[in-house]
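Here's the structure, in structure tokens; my notes come after.
The values are calculated or read from the model by the stated rules, or taken from the named source; none is laboratory data. Note that this is a predicted model, so its numbers are computed, not measured. Here Cβ is always computed from backbone atoms with ideal geometry, including for glycine, and neighbour counts include all displayed protein chains. For the accessible areas, the whole protein counts, side chains as well, though only heavy atoms, and no ligand, DNA or RNA atoms are used. Shrake-Rupley method; radii C 1.70, N 1.55, O 1.52, S 1.80 Å.
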Amino acid sequence: MILPEAGELLTPAMEIDGFRLGCLIDASTGMVLASVQNQDAPAPATAAAGAADLVNVLTLLNGKLATGEILEDVMITLSDSFFMVRPVGHDPDPRILLLVVADRHRTNLAMAHRSLRDLCASFSS
Amino acid sequence: MSQAPRRTRVRQLADSVWPGRTVNGYANLIAARLRKLADEKSTGVLPVSGPGDGAIFFRGGQVIYAESSRTPLPAPRAVGLAALGLVPSEDPQSLGQEYTGGAELVPARSVGRITGALVLTESVIDALTELLSSDSRYAKFRHADDPPAGQVRPMPVDVLLTEVQRRHAVLRQLAAVVTPDTAVAREPSLDGPAAQVSPAQWALLARTGDSTTPRGLALQLGRSVFGTTIEVCRLVELGLLAVPGRLAGPERPAEPGDGSAVPRPPAAVSFIRAVAGERGSDG
């Protein structure tokens, strides 16, 4: 990890039911800043790279649509996992992303979504 | 400590580079040297010469700082207009003395602290990405040379080498469209559909002249060369910047039935391909 001390910020995410992986990602470079994970977690570098690519594509979409909207979060449902990505902070040009991967069969998506929102809000306080 | 004396000092260190050590894939040798210094828990500085002069500082086997003449020095996190690149950055002399945001390893409790720590970290990794190019050479390790005051942050060598390797893979992808030293210009026909750009992108657009390179923009704005190159590539994708002398960017459609159509370059920026696909030469 590049910023191991930032791992403490991710500790609350581990309380999400079915938690597998939590990462803070530099959106501009795709670099993993810090991560916490359980035993069955996907590779942090790969998951982070995918999350950064997703956000970049959506930012490009936003740029093309030019509606003035801001990306709030991305929720992806796979057969066994949820991938949840949320920009940290209220910057229209988010520098840092939070990625949480959770076991789909053990996670309440609405609760997890709320937890992520609260977690990101706590980062900014 | 001013920026000029630091640059001079780095140049002086790099002047002592051993001759005749350049071979293809020298970055492998530098990576091996860094690993050995880490294993020996060395403290000191490794001068590096090549396309740009630089030095890598060690303490207890960890990299605490790196600097290249072809990448910006670390600067405090810009706020307000400075974040947009719309006002001059602070005097570099004061930056070196005052910035200590990355020096302490205390828990980062807010995004502001993370971003602050990231400023120095990004600068070090950006310099390493440049220094570990295949054309670079290293000189004799100097034990116990002190890094610039107040700008240290211990990072494991293996973590840094992995990240540098990933960045080199990303840069190889981007090379089909733009490199850090490719001249770009604002697309003259801005009468197309509206596009929404971020403040960071706008700062780049505002400073792009007829022949500006991503590296020049990065040095001007005090941003990462790697990150700026990616951002410039995205602006080319959006059709807001163009590479003079080259056909329109990756989004230019081939005309139907035109057998002589120029093949489209691959999608430019993909971090996932850099992780899962190409293997670098960094060791």
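Just a few scattered comments:
- Just one residue in the set A:Gly18, A:Gly22, A:Gly30 is open to solvent by less than 70 Å² (accessible area, probe 1.4 Å), of a type outside the set (Phe, Trp, Tyr), touching a residue at least 40 places away in the same chain (Cβ under 8 Å) and at positive phi; that residue is A:Gly18.
- Filter pass, A:Arg86 being closer than 27 Å to B:Val275 by Cα, open to solvent by less than 50 Å² (accessible area, probe 1.4 Å) and within 14 Å of chain B (Cβ to nearest Cβ): yes
- When B:Ala183, B:Ala194 are checked against the criterion of being open to solvent by 30 Å² or more (accessible area, probe 1.4 Å) and without any contact (Cβ under 8 Å) to a residue 24 or more places away in the chain, a single residue qualifies: B:Ala194.
- For A:Glu5, the stated conditions do not hold, so it cannot be described as assigned to a loop (DSSP other than H, G, I, E, B) and either at pLDDT below 95 or open to solvent by less than 20 Å² (accessible area, probe 1.4 Å) (or both).
- The range A:66-77 residues that are away from chain B (no Cβ under 14 Å) and over 16 Å from A:Ser115 (Cβ atoms), paired with ones that are surrounded by 11 or more Cβ atoms within 10 Å (Cβ to Cβ) and basic (Lys, Arg) (beta carbon under 8 Å, 6 or more apart): A:Thr77/A:Arg104
To keep it simple, each residue is scored yes or no on (1) farther than 17 Å from B:Ile230 by Cα; (2) in a helix (DSSP H, G or I).
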| site | (1), (2) |
| --- | --- |
| A:Val32 | no, no |
| A:Ser35 | yes, no |
| A:Gln39 | yes, no |
| A:Ala49 | no, yes |
| A:Asp53 | no, yes |
| A:Val57 | no, yes |
| A:Leu61 | no, yes |
| A:Lys64 | yes, yes |
| A:Ile70 | yes, no |
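- Leading residue by the ranking (farthest from B:Ala200 (Cα to Cα)) among those in the range A:93-117 that are open to solvent by 80 Å² or more (accessible area, probe 1.4 Å) and free of Cβ contacts under 8 Å to residues at least 60 places away in the same chain: A:Arg114
- Extreme residue, nearest to the other protein chains (Cβ to nearest Cβ), among residues of the range B:201-218 that are in a helix (DSSP H, G or I), over 21 Å from B:Ala274 (Cβ atoms) and open to solvent by less than 20 Å² (accessible area, probe 1.4 Å): B:Gln201
- Criterion violated by A:Val57 - all others in (1) over 12 Å from the mean Cα position of the chain (by Cα); (2) facing another protein chain (nearest Cβ under 8 Å) satisfied: (2)
- Residues in the range B:219-241 that are under 21 Å from B:Asp126 (Cα atoms), in a helix (DSSP H, G or I) and touching an Asp or Glu at 6+ places or on another chain (Cβ under 8 Å): B:Val225, B:Phe226, B:Gly227.
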